[in-house]
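Take a look at the structure set out below.
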Amino acid sequence: MLERHAETAGWSDPVFELAAVRGARPIPPCGQAVTVETPELRQPSRVRLVAVCPGAEGWRYDFVVRAKITANVAVLAADIPAGRAVAAADVALRRTDISTLTETVSDLAALEGMSARRSLRNGEVLRQNMLVAMPLVKRGDAVRIVARREQIEVSMAGEALDTGARGALVRVRNVHGHVIRARVTGAGLVEPADMPISIQSPG
């Protein structure tokens, strides 16, 4: 169950140290095979399990397994002021106890196009809520509208009417004066949000 959670969370090379917490309640013998139910995992460091002895004379016993979890996660290797881009060179992957941490970062490719939401200090474990997507298009910027369909690519100039980061939907006025909805794909680049689409090449 923890391994599945780690895969979903994107943890890199996780290691688990597990210890069952002994309860004061005595466990009666069971004449059949005991099964273990796994309720929804809410806190990886504290896993609740339910042992079930089936039958009319059976019983249910709740117990807790505490987990110490370490994984390779991004740790700041330098101070970064608020608003500055965060690059892979600014962090190092280190094996860290993340038992009580959430939203850690293991994939350094996820830093592309991100900046520091606040001032970050050397040695801090980097978390996703410390990052914010940098705007790649700003209101009033000249942009290039690129539409692709199969092997055909058509582009034309336009003006951004909104500010947006990668993947954001913004309004763009093309050279013909038409306002379209477009998705930000890069610095100064957008693509029509509604495909298929036909764009007349200027001139």
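The values are calculated or read from the model by the stated rules, or taken from the named source; none is laboratory data. Here the structure is a predicted model, which means the values were calculated and not measured. Cβ: placed from backbone, ideal geometry, glycine included. Neighbour counts: every protein chain shown. SASA here: full protein model, heavy atoms, side chains in, ligands and nucleic acids out. Shrake-Rupley method; radii C 1.70, N 1.55, O 1.52, S 1.80 Å.
Does ARG25 count as basic (Lys, Arg) and either under 24 Å from the mean Cα position of the chain (by Cα) or in a strand (DSSP E or B) (or both)?
Against the criterion (basic (Lys, Arg) and either under 24 Å from the mean Cα position of the chain (by Cα) or in a strand (DSSP E or B) (or both)), ARG25 does not qualify.
Kindly check whether there is at least one residue in the range 169-189 that is within 24 Å of ARG84 (Cβ to Cβ), among the charged types (D, E, K, R) and open to solvent by 50 Å² or more (accessible area, probe 1.4 Å).
No.
Quick check on ALA193: is it surrounded by 12 or more Cβ atoms within 10 Å (Cβ to Cβ), in contact (Cβ under 8 Å) with a residue 24 or more places away in the chain and touching a Leu at 6+ places or on another chain (Cβ under 9 Å)?
Criteria met by ALA193.
Please give the strands (runs of 3 or more DSSP E) falling wholly within the range 29-99 in which 2 or more residues are crowded, with 16+ Cβ neighbours inside 10 Å.
Result: 46-53, 59-76, 91-97.
So that you can scan it fast, the table gives a plain yes or no per residue for (1) among the hydroxyl-bearing types (Ser, Thr, Tyr); (2) within 30 Å of ALA89 (Cα to Cα); (3) in a strand (DSSP E or B); (4) at pLDDT 90 or above:
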{"position": "ASN122", "(1), (2), (3), (4)": "no, yes, no, yes"}
{"position": "ASN129", "(1), (2), (3), (4)": "no, yes, no, yes"}
{"position": "LEU136", "(1), (2), (3), (4)": "no, yes, yes, no"}
{"position": "VAL172", "(1), (2), (3), (4)": "no, no, yes, yes"}
{"position": "ALA182", "(1), (2), (3), (4)": "no, no, yes, yes"}
{"position": "THR185", "(1), (2), (3), (4)": "yes, yes, yes, no"}
{"position": "PRO196", "(1), (2), (3), (4)": "no, no, no, no"}
{"position": "ILE199", "(1), (2), (3), (4)": "no, no, no, no"}
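Within the range 110-132, which residues are out of contact with any Ser or Thr (no Cβ under 8 Å at 6 or more places or on another chain), open to solvent by less than 70 Å² (accessible area, probe 1.4 Å) and farther than 10 Å from ILE80 by Cβ?
Of everything in the range 110-132, those that are out of contact with any Ser or Thr (no Cβ under 8 Å at 6 or more places or on another chain), open to solvent by less than 70 Å² (accessible area, probe 1.4 Å) and farther than 10 Å from ILE80 by Cβ turn out to be ALA110, LEU111, GLY113, MET114, GLY123.
Quick check on the range 147-168: of everything there that is closer than 16 Å to VAL137 by Cβ and part of a loop (DSSP other than H, G, I, E, B), which residue is most open to solvent (accessible area, probe 1.4 Å)?
ARG166
For ILE152, only one of the following conditions fails: (1) more than 30 Å from PRO81 (Cβ to Cβ); (2) touching a residue at least 24 places away in the same chain (Cβ under 8 Å); (3) of a type in the set (A, V, I, L, M, F, W, C). What is its number?
Against the list (1) more than 30 Å from PRO81 (Cβ to Cβ); (2) touching a residue at least 24 places away in the same chain (Cβ under 8 Å); (3) of a type in the set (A, V, I, L, M, F, W, C), ILE152 comes up short only on (2).
Note down all Cβ pairs under 6 Å where the first residue falls in the range 53-76 and is under 30 Å from ASP107 (Cβ atoms), the second is of a type in the set (D, E, K, R) and exposed (fewer than 13 other Cβ atoms within 10 Å of the Cβ), and they're at least six residues apart or on different chains.
Every condition considered, the pairs that remain are LYS68/GLU17; ASN72/ASP13.
Check whether at least one residue in the range 1-12 is open to solvent by 60 Å² or more (accessible area, probe 1.4 Å) and in contact with a strand residue (DSSP E or B) (Cβ under 6 Å, 6 or more places away or on another chain), and report yes or no.
No, the range 1-12 contains no residue that is open to solvent by 60 Å² or more (accessible area, probe 1.4 Å) and in contact with a strand residue (DSSP E or B) (Cβ under 6 Å, 6 or more places away or on another chain).
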